[in-house]
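> One structure coming up, written as C-alpha cells, with questions to follow.
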Amino acid sequence: MKILVTGYKGFIGQNMVKALEAEHEVSGFEWDEPFSILGFDLVIHLGAISSTSEINVDKVMRQNYDFSVLLIETCNMLGIDFQYASSASVYGLGTEFKETSPVDPRTPYAWSKYMFDRYVQNKVWDIKVQGFRYFNVYGPHEDHKGDQASPYHKFTKQAETTGTIVLFEGSDNFKRDFVPVSQVVDTHKAFFSIKESGIWNLGTGNSKSFFEVAEEVSKLYNVQYKFIKMPEIFKNSYQKYTCSDNSKINNTLKAKYVDPKLVT
C-alpha cells in the first residue's frame, strides 16, 4: 500500500513512518513542503500545530482546520482513504470520556480538533475516514516538543541534565491517560483492515498522576523533585483528569482478530 504521512518529521510521525516503511511504500509531507497526494492509497494526517499554549487563533485554524478540510476533500475527490489525529483535549474539563460525551474545548488547538471532528461527522464520505482522539502520547522522538513533551520525556530529561524534576503544585491531583506511541501506531495499522468509518478514543483506559510519573523517574535516576506554581496561561484550560473510555474501540477491534495488547 502506498501511504502519505503528514507531519512525518514530528514525534508521532517519525514513529509512524518507521513502523510502516518495512511493509508499505511510505512518503512524508510537512506544512512548508510541496503538496500532492496523487497516486496514494491512504493518507495518515498527523500534521498540526500541537501546542496547547499557542494563542494565535488564526494560525492554528489555518493549519489545523482549514488545511485538514482541504486535504480530506481532496482525498474524497481522488478516492484515497483517510486516517487522522484528533485529540482528547476536545473533552476539556469534562469527567466523562466517551466519543459521544459533551465536549469542552479550552484552547485554540482543542477547538481546531473539535471543529474538524464535527466537519467529518456532518458529511457523507465516499472514502473510509477514521479519526482517533489521542490521549497523552509518549515515547521516542519527543525531543523537539519542548514544553509540550510528555511528562515522561520532560522528567527524564530534567533528571539527566539538572538532577531535579520540576512539577506543578498539586500534581498528585492531575491524572492523565498516558498512552505509548507504539500503541498509537499499532492501532492505526490494525484499522487498515477495518472498513468502518468513525471517530475512536485512543488511550489505555487507565490514569496516572503527574506525581506518580515523577516518582517513577526520580527512583530510576535517584534524583529529587520540586514544586512550582502553575503559570496563569494554563489555569483555565489545564485538564486535571483524562481517562479514555475504550468501549467503542474495543468493540471495533474485537470484531476482528487483532493483537490482544490493543484491546485494553
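> Among the residues of the range 174-187, count how many are under 17 Å from residue 45 (Cβ atoms) and either part of a strand (DSSP E or B) or among the polar types (S, T, N, Q) (or both).
Total satisfying the criteria: 1.
> If I filter the range 25-54 down to residues being touching a residue at least 60 places away in the same chain (Cβ under 8 Å) and β-branched (Val, Ile, Thr), which single residue comes out as farthest from residue 147 (Cα to Cα)?
That would be 44.
Conditions tested, residue by residue: (1) β-branched (Val, Ile, Thr); (2) in contact (Cβ under 8 Å) with a residue 60 or more places away in the chain; (3) crowded, with 19+ Cβ neighbours inside 10 Å.
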| site | (1), (2), (3) |
| --- | --- |
| 121 | no, yes, no |
| 124 | yes, no, no |
| 130 | no, yes, yes |
| 134 | no, yes, yes |
| 139 | no, yes, yes |
| 144 | no, yes, no |
| 151 | no, yes, yes |
| 164 | yes, yes, no |
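> Using beta carbons and a limit of 9 Å, which pairs, at least six apart or on different chains, have the first residue in the range 170-181 and at positive phi and the second one surrounded by fewer than 16 Cβ atoms within 10 Å (Cβ to Cβ) and not in a helix (DSSP H, G or I)?
Sorted first by the residue in the range 170-181, then by its partner, the pairs are 170/227; 170/230; 170/240.
> Shifting gears a bit: Residues that are among the aliphatic types (A, V, I, L, M), surrounded by fewer than 13 Cβ atoms within 10 Å (Cβ to Cβ) and either in contact (Cβ under 8 Å) with a residue 60 or more places away in the chain or part of a helix (DSSP H, G or I) (or both): does the range 63-72 have at least one? Before the answer, list the steps.
Our first condition is that a residue be among the aliphatic types (A, V, I, L, M); within the range 63-72, this holds for 69-72.
Checking which are surrounded by fewer than 13 Cβ atoms within 10 Å (Cβ to Cβ) leaves us with 70.
Checking the rest, the ones that are also either in contact (Cβ under 8 Å) with a residue 60 or more places away in the chain or part of a helix (DSSP H, G or I) (or both) come to 70.
Checked the range 63-72: at least one residue is among the aliphatic types (A, V, I, L, M), surrounded by fewer than 13 Cβ atoms within 10 Å (Cβ to Cβ) and either in contact (Cβ under 8 Å) with a residue 60 or more places away in the chain or part of a helix (DSSP H, G or I) (or both).
> Do we have residue 190 as assigned to a helix (DSSP H, G or I) and more than 17 Å from the chain's Cα centre (by Cα) here?
Spelling it out, it is not the case that residue 190 is assigned to a helix (DSSP H, G or I) and more than 17 Å from the chain's Cα centre (by Cα).
Readers should treat all values here as calculations from the given coordinates under stated rules, not as data from a laboratory. Since we're looking at a predicted model, the values are computed, not measured. All Cβ positions, even for glycine, are placed from backbone atoms using ideal geometry, and neighbour counts span all protein chains on display.
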